[in-house]
Structure formats: structure tokens, C-alpha cells
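Structure first, commentary second.
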């Protein structure tokens, strides 16, 4: 029944939203419910869950969204892209929660994913990040493949036709070659971008990040998100680096927030997470996180949470 | 039999020691064989190691030169090769050249006293080998690894990973190549001549090995003066005609024992009899004394002159020595540029210096942030330095060590010039010595608090326009511990939407 609904949605969306260009990417992109009309009535467009452990919150969110099967098919080659940027332990929340990743990998395996790769282009020394974040161990234990991203040879230059400031970038081959990818950022404060979440997490799929910083950080973040949109964004906000981000100096920067946001709409999920975050660190104005409206302008999704089906769950 | 044991031990030692340089995956992060080398032990004044090495020499002779010194073992390889290629290769007896041996040692002592450690490092055998391992063997090893990684990746396995191969410094590469050519040539054609003329460790241990308890002995009754032993002696130290051995040059390779068909040579305790070797030593003492005298005179005069020369020419940027080295002068005193730290640095930050520290500090490690930055929680270089040039630091000690400090140039900062967000420097700063403060509009701009800086170079590495850089502290300072922020209470948060 679910699959039939999904196919109907797909057809309806294809008819409703007049797709400007053709190609696999846009058919996939069109399944993102831009105005909520295209979504199946039961399935949420965005699920926000609180007060649970990472794995339970993921399960609750996916139930609201209609199950992982709504987003991936049997036999798909999947990439899961967490944030593994810093040489930090899970308690310091510099990186995505390893328990959440393990639970997500299990879900994808149960849905029949043919291959699951996990990587991030780290900032700190990659092997220390992979190790101390607990992610390499969790991924390997769950039976997925940890892929390296510390060498330029793992990247290929691609065009970004919809980009405003960023016209091309060197993107990791795992993203280029996969069928679908799932974006799993961790919610944190960021000195320059003010907040790092689903959109900012895309900086880990590219090789040369300096170009982002010199050409206007917010616009470049929005631009790279148009390259090959992930089918689903799952925001880990179990622990949140509220101040001195994105690394955090010590445990005093970390707040146990026990939340999770999930949506196929990247702008909506960052809007939700951004509003949640600015409620914790009140010194940051949501309006100043410019890459979110920049993303809406590029047609990546909606900031109007009233217009979509949002499900809030407190465990 | 003794020779076979010696060969086996030597091969094992050089294999493990070399792997200590080559390994990048953390299998051998405690290279202990490097810590028992004579040169570094002397410069770090590791009394225990020195006493053990000298005691061993007093008991066994210069066995060190055959089974511990990597450059010695390396030369034996060339020597072996030359004998394989030229089956009729013969050595002969040559008298010692004490003027040359002690002269070189005297020059090196003077150079060291004058802060010209570069010269000491150049001929110190372990360091000379270390540079060859790092500069010449390691790129080959990494290339092989990268090939393997590429093949396994094609096959869908991520068991092996690629590693960056980079040219660390042209001067260090040239020095390593020249070392290989010179040492290779000498050992191929002239056996252990290097060890018995130039090598300072050989000269010092040679002094002690004259008095060693165990040594080669020629049984004068069995010996028929056939010269077989002398022809095999790569140290040119057996005088078969007079049945004498110069124990100051014998490296205990045991080749002569196997060569002797009369079984006249054996390795065992010396017979307590007033014999020639002691007399020889007395003769040599004269020249030694003269050298020591002249050494002291030069040592007394030269430092001031050379120091003026070294500090006279100043670069605009102060170089940064690795955390744990304490100061430039400590590094200058102790570092023989073995490049173990350069080889092991996981972030490719440590590079052989050019003229940054002046003439005396050529090839000593200097922090450069072109390929990476110093990991906040990494203290590997301080743990492995065999010469005490980089003293051990715990991670906690490293967090409050400031080998250099940040300098921020607002005039060229992206935020100021383009009026766009950046924050890459503050993002990479582990202590928020650079942190973002409100600027025009909703923008934030970096502000530097040098007191907190630990000089890791994350900011310099990532800055897209080089508006931040790290200036070294000639004497390292203590970094201030950042104040604890007000903790945001964990509570039942609202969704906020």
C-alpha cells in the first residue's frame, strides 16, 4: 500500500510540479514535497522528536515520515554522510552520534540496501576523527563500509548548474556514484555560519572548502546543496554544541538537548532545527543564518513550516 | 656461528628501526630502538643509556657498530654486495689514522659548542640513516602503499588507505641523497673506513673498545700467517704478519673467525698480560691531547663569533619549533636532525628547516602549515624524540604550551573586504583564541586573543586569504587556560516552531 502511495505521489508530483529540466536527479528531487500538496496524507513532511535516545527518536521520526522505504528502494547503493569533522569524543558532540548512525544503517539494511558507504571530509586529522568520534567502529560493527575522504584522488570535479556563486566543485566519488544518499548532520553553533546543520554539512562532500569561505560562505553552502540532493535529512540534536562551535572548547559548551529532526526537505529541516537552536543559544538571530533563505530561493525547499505537514513527537 | 648470529640480529634491528620511520598507521608509535642510539643519547644526556652502551663496549667491544647502529648495518649491506659482485675482493691492513679520527671529533665538538649542530647531525650515524629512511625510503614505501590502496579500492575494499607523499624540503632530500652516495661508495669500496675515520660514535666507542674484555684473539701457535683473516677484514684492522689486531677499529663482525682455516682466531676474554695494544693507546694519546687542547682554545673563542653570524640575518617571520622543544636554543643544542618526528608527524606539519633557525639549525624540525595543522590532542613528536630536543609532554601539558602565537590581519580578512561570512579560522581554533564577534549587519568577524593561542596553525592552514598566521616564540610561553563558559542548563526545551 505504502509503495503504491509513493508511486502515486511520484506521478502526481511529476504532473503538478512542472519540471524544467529532465534527468534522474530532478525526478528524485520532485518527490520532495515542496508545498505539501504532493505528499501522501498520512506521511509527515517533517518529523520533530524529543526526549528519547538517538535510536528511539530515529524510529519515531521514521514512523511519522512513512518508513525508510519511502526514500530508498531494495538494491539501492546508499551513502550516509554524517558530520565527522573534529577529533572529538561523542560526549563533546562535535560529530554525529554513532548510535544514531548504527540504527540508521540497520534500517537501510532491512530495507534491502545493496551497499552502504559512510564518509566525511574531516577538518582535523581524518584517522583521529574517524576513531575518536566512535563512528568508524559503529559503522563497521553495523556492517557498513567506512570510506576514506582524506585524499584529493577520491574527488571529482562536477558542474553545479544551479549554483549562483559556486559553479563547480570537487565532490567525493561516493556521492557521485551512489543511487541515493542520506544526510545526517549534527546540530551545532558555528562562528561564521552561526549554525551548522543539514545544509552546512554539505561542505564535507567537497574537497576544497577554502573556495566556500572566500566566495561567500552562505551562498556557496546553498549552491552545493543543489548538486545532488540527499533523499532524506536526519538532524542529530541529541547533544548540541551551543556555544564556541563548531568544535566546542569543552563539555561546558555542550547541552543535552535530546532532539531529532527529519525531513526530505532540506530547507524545512534546517528551519526547524534553526528555530530550535536559537531557542537554546538566544544570542543568535535566526534571520542571520542566511544560507537557509538562500536555499529557499534556489528552490531547495520551504521555510514556511505552516505549509507542510509537521509532526511533533515527545517521547 | 657468531657471524650468523650477528647478521641475523643486525637484519632484525635495521628492519624494526627502519619500520619505525616508515610506519604511518600507528603500529610502531613507540620506536624504542631509536632511543638506544649513542648520538641522541649523548645529546639528551640519557645517563642510563650511555652507561649501558659504554659498559657493553667495555665488555664486548664495538658490537654496537655491527648490530645497533643502522648506518653500520647499512654499510655492511653494501660491503656484502661488493663481495657478491667481486668474488676476489680483498682487504688489507692499514695503520690507524688517529689525527683524522680525533680531528674530526674535535671539529664536531667545537661546532656543537658554537651552536653549529647541523654539522654534528650531518655525520652522526643514526641521524644520517634516519634522514635516508625518511627522505628516500619512505616515499618508496608510501608509493607502494598507495598502489596497494588503489588496487584494493578498485576491488571494493577499504582496508588500505592512501597517504600523502610530499617533498618535505629540497635541502634535506639532497643531503639524504649525498649521504647515500658517499656512504654507499665508501662502504662498497672501502668497507668500514667511514666508521673508523669520520664517524664520531665510532671514535668514542673505539676509545673504549681498546679495553674491552671480550675481543678477537689470534692464537700465535696455530696462525700460519696466511693473511686470510686480513683479507676479509672490512675494518682494515688485522695485521696478520705481526699477529696484531687494532681493537679500536674492530667492529666485532666475526668475519675473520669464519675466514680462518687454521681456527686460530677466536672471540673471548683477553689474557691479562701487558701487551702491545695498551702501548699503542699511549702513543695515540699524544695526538689526542693536542687535539683536545686546540679544541678547547677554539671552543673558547668561536661561539661568540658564530652566534653573531647566526642571529645577524633575521627573517621577517619567526619560525616555530615543535611543542616540547621549549625554545629554539634547546632544539639547537640537542637535535641531530634524525627526522623521526618529521617522518612520524601525522598532520605533515613538521618539516626540515632551511635557514629559519640560522646556519646551525639546518634540517632541524620546524612547524609549517601548508599541508595540515598540529592536532590539539596529539603529542606524538614529544614522545618519540630520542635526543631530548623535544621533551615529553602530556596532552594536558601540551594544551597550555604556546610555541607560537596568532597574528590577525583584519585589512585582508574576507569578512572585512567582501562583507561575507567566513569564520574558517575560528572554526578550526580549538581554544577560541580566534573567535567570532559581531560585525556589520548580521556578520561576525574574527578577534584574536593571543594569550589563549597554542600555535596549532589551524587558522593559518584554512584561511582562504592568509589573513592569519602563526608567529613562533623563540622561547615557548605558557598558554592561558580559557575561562569556563556559563553552562546552558539542560531543561525541557521547546521545539521553537
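Based on what the data block shows, is residue B:374 facing chain A (nearest Cβ under 10 Å), under 23 Å from the mean Cα position of the chain (by Cα) and part of a loop (DSSP other than H, G, I, E, B)? Show your work before the answer.
Values: facing chain A (nearest Cβ under 10 Å): yes; under 23 Å from the mean Cα position of the chain (by Cα): yes; part of a loop (DSSP other than H, G, I, E, B): yes.
Against the criterion (facing chain A (nearest Cβ under 10 Å), under 23 Å from the mean Cα position of the chain (by Cα) and part of a loop (DSSP other than H, G, I, E, B)), residue B:374 qualifies.
Could you please find all residues in region B:172-195 being in contact with a helix residue (DSSP H, G or I) (Cβ under 6 Å, 6 or more places away or on another chain), in contact (Cβ under 8 Å) with a residue 60 or more places away in the chain and within 16 Å of residue B:236 (Cβ to Cβ)?
B:186, B:187, B:188, B:191, B:194, B:195 - these are the residues of region B:172-195 that are in contact with a helix residue (DSSP H, G or I) (Cβ under 6 Å, 6 or more places away or on another chain), in contact (Cβ under 8 Å) with a residue 60 or more places away in the chain and within 16 Å of residue B:236 (Cβ to Cβ).
Restricting the search to region B:420-436, which residues are within 13 Å of residue A:210 (Cβ to Cβ) and within 7 Å of another protein chain (Cβ to nearest Cβ)?
Across region B:420-436, the qualifying residues are B:422, B:423, B:424, B:427, B:428.
Quick one: in region A:295-313, which of the residues that are within 11 Å of chain B (Cβ to nearest Cβ) and in a helix (DSSP H, G or I) is surrounded by the most Cβ atoms within 10 Å (Cβ to Cβ)?
Of everything passing the filter in region A:295-313, A:305 is surrounded by the most Cβ atoms within 10 Å (Cβ to Cβ).
Any residue at all in region B:224-238 that's in a strand (DSSP E or B), closer than 28 Å to residue B:55 by Cβ and away from every other protein chain (no Cβ under 14 Å)?
yes
Give just the number: which of (1) within 20 Å of residue A:291 (Cβ to Cβ); (2) more than 8 Å from chain A (Cβ to nearest Cβ) does residue B:411 not satisfy?
Here residue B:411 clears every test but (1).
Inside region A:244-253, can you point out the residues that are crowded, with 24+ Cβ neighbours inside 10 Å and within 9 Å of chain B (Cβ to nearest Cβ)?
Once the filter is applied, which keeps residues that are crowded, with 24+ Cβ neighbours inside 10 Å and within 9 Å of chain B (Cβ to nearest Cβ), region A:244-253 yields A:244, A:245, A:246, A:247, A:253.
Give the number of residues within region B:52-88 that are closer than 21 Å to residue B:216 by Cβ and either crowded, with 20+ Cβ neighbours inside 10 Å or more than 22 Å from the chain's Cα centre (by Cα) (or both).
23
On the given criteria, is residue B:398 in contact with a helix residue (DSSP H, G or I) (Cβ under 9 Å, 6 or more places away or on another chain), modelled with pLDDT of 95 or more and within 14 Å of another protein chain (Cβ to nearest Cβ)?
yes
Filter region B:385-430 down to residues that are surrounded by fewer than 21 Cβ atoms within 10 Å (Cβ to Cβ) and in a helix (DSSP H, G or I), then give me how many there are.
10
How many of the residues making up region A:261-285 are surrounded by fewer than 21 Cβ atoms within 10 Å (Cβ to Cβ), more than 9 Å from chain B (Cβ to nearest Cβ) and at pLDDT 95 or above?
Of the residues in region A:261-285, 0 are surrounded by fewer than 21 Cβ atoms within 10 Å (Cβ to Cβ), more than 9 Å from chain B (Cβ to nearest Cβ) and at pLDDT 95 or above.
Considering only residues that are touching a residue at least 40 places away in the same chain (Cβ under 8 Å), within 14 Å of chain B (Cβ to nearest Cβ) and in a strand (DSSP E or B), which ones fall in region A:145-176?
A:155, A:172 - these are the residues of region A:145-176 that are touching a residue at least 40 places away in the same chain (Cβ under 8 Å), within 14 Å of chain B (Cβ to nearest Cβ) and in a strand (DSSP E or B).
Where in region A:1-120 are there helices (runs of 4 or more DSSP H), lying wholly inside it, with at least 1 residues that are modelled with pLDDT under 95 and surrounded by 16 or more Cβ atoms within 10 Å (Cβ to Cβ)? Working first, answer last.
Numbers: elements: A:2-16, A:24-30, A:54-65, A:98-110.
It comes to A:2-16, A:24-30.
Of the conditions (1) at the interface with chain B (Cβ under 10 Å from one of its Cβ atoms); (2) in contact (Cβ under 8 Å) with a residue 24 or more places away in the chain; (3) out of contact with any helix residue (DSSP H, G or I) (no Cβ under 7 Å at 6 or more places or on another chain), residue A:220 satisfies every one except a single condition; which number is it?
(3)
Do we find that residue B:135 is within 14 Å of another protein chain (Cβ to nearest Cβ) and within 26 Å of residue A:126 (Cα to Cα) in this structure? Walk me through how you get there before you give the answer.
On the way: within 14 Å of another protein chain (Cβ to nearest Cβ): no; within 26 Å of residue A:126 (Cα to Cα): yes.
The answer is no for residue B:135.
With B:332, B:393 as the choices, which residue is touching a strand residue (DSSP E or B) at 6+ places or on another chain (Cβ under 8 Å) and either within 30 Å of residue B:125 (Cβ to Cβ) or in contact (Cβ under 8 Å) with a residue 24 or more places away in the chain (or both)?
Numbers: B:332 fails: touching a strand residue (DSSP E or B) at 6+ places or on another chain (Cβ under 8 Å).
Selected residue: B:393, the only one of B:332, B:393 that is touching a strand residue (DSSP E or B) at 6+ places or on another chain (Cβ under 8 Å) and either within 30 Å of residue B:125 (Cβ to Cβ) or in contact (Cβ under 8 Å) with a residue 24 or more places away in the chain (or both).
Only one of (1) in contact with a helix residue (DSSP H, G or I) (Cβ under 8 Å, 6 or more places away or on another chain); (2) at pLDDT 95 or above fails for residue B:452. Which number is that?
(1)
Counting only residues that are facing chain A (nearest Cβ under 8 Å) and in contact (Cβ under 8 Å) with a residue 40 or more places away in the chain, how many does region B:463-497 have?
3
Determine if region A:193-207 includes at least one residue that is free of Cβ contacts under 8 Å to residues at least 24 places away in the same chain and either more than 24 Å from residue A:274 (Cα to Cα) or surrounded by fewer than 18 Cβ atoms within 10 Å (Cβ to Cβ) (or both).
no
Residue B:29 is checked against (1) touching a helix residue (DSSP H, G or I) at 6+ places or on another chain (Cβ under 7 Å); (2) assigned to a helix (DSSP H, G or I) and fails just one. What number does that condition carry?
It fails just one condition, (2).
The values are calculated or read from the model by the stated rules, or taken from the named source; none is laboratory data. Keep in mind the model is a prediction, meaning the values are calculated, not measured. Every residue, glycine as well, gets a Cβ built from its backbone with ideal geometry; the counts of neighbours run over all protein chains shown.
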